[in-house]
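None of the figures in this text is laboratory data; all of them are computed from the coordinates on show. Owing to the predicted nature of the structure, the values given are computational and were not obtained by experimental measurement. Note that we place each Cβ from the backbone using ideal geometry, even for glycine, and neighbour counts take in every protein chain shown.
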Amino acid sequence: MSEKRVKDTCSKLDIKLIDLEKKSKRKTNKIQAVCKNFFDKFEDEVKGMKHSYIEMRDSYDMWARNVLKPQELKEATLFAL
């Protein structure tokens, strides 16, 4: 092979390598954006579920205070007699 042909081939390979690097960088950025969006939405869902759980637990505690405690006091009074 001639020296000119080797240089031309190297130049073409360098250009292809640069293009490949740009494409992979662009695709990596897209993947990062998709993952970030997914985990942001997931975090919001978890926070929402946590809030719902806390509300449900508070409702149960209030129900227990209003319904179960008086019933337990009545039973305790009955057995105390």
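Comparing K41, K69, K25, which has the greatest mean-square fluctuation in the GNM of the chain with Cα pairs linked when under 10 Å apart? Sorting by GNM fluctuation, first place goes to K69. Projecting the Cα positions of T77, L20, C10 onto the charge dipole of the chain (unit charges on Cβ atoms of Lys, Arg, Asp and Glu, taken about the Cα centre) puts C10 furthest along the positive direction. With a 10 Å cut-off between alpha carbons and a GNM built on the chain, which of K12, K50, K30 moves the most? Fluctuation is largest for K12. The alpha carbon gyration tensor of the chain gives principal lengths a ≥ b ≥ c with a/c of 1.5 or higher and a/b greater than b/c, which makes the shape prolate. Can you give the angle from 0 to 90° between the axis of helix 69-80 and the longest principal axis of the chain, with both taken from C-alpha atoms, to the nearest 10? That helix lies at roughly 40 degrees to the long axis. How about K22: which aspartates and glutamates have a C-alpha closer than 17 Å to its C-alpha, ignoring those fewer than 8 places off in the same chain? Candidates past the 8-residue exclusion: D14.
Straight-line cross-link partners of K16 among the aspartates and glutamates, defined as a Cα under 19 Å from its Cα and at least 8 positions apart when in the same chain: D8.
In this Cβ point-charge picture (+1 for Lys and Arg, -1 for Asp and Glu), the chain has a dipole of about 900 debye about its Cα centre. Within the shell defined by Cβ-Cβ distances under 12 Å, the residues around V34 carry a net charge of +3, with Lys and Arg each +1 and Asp and Glu each -1.
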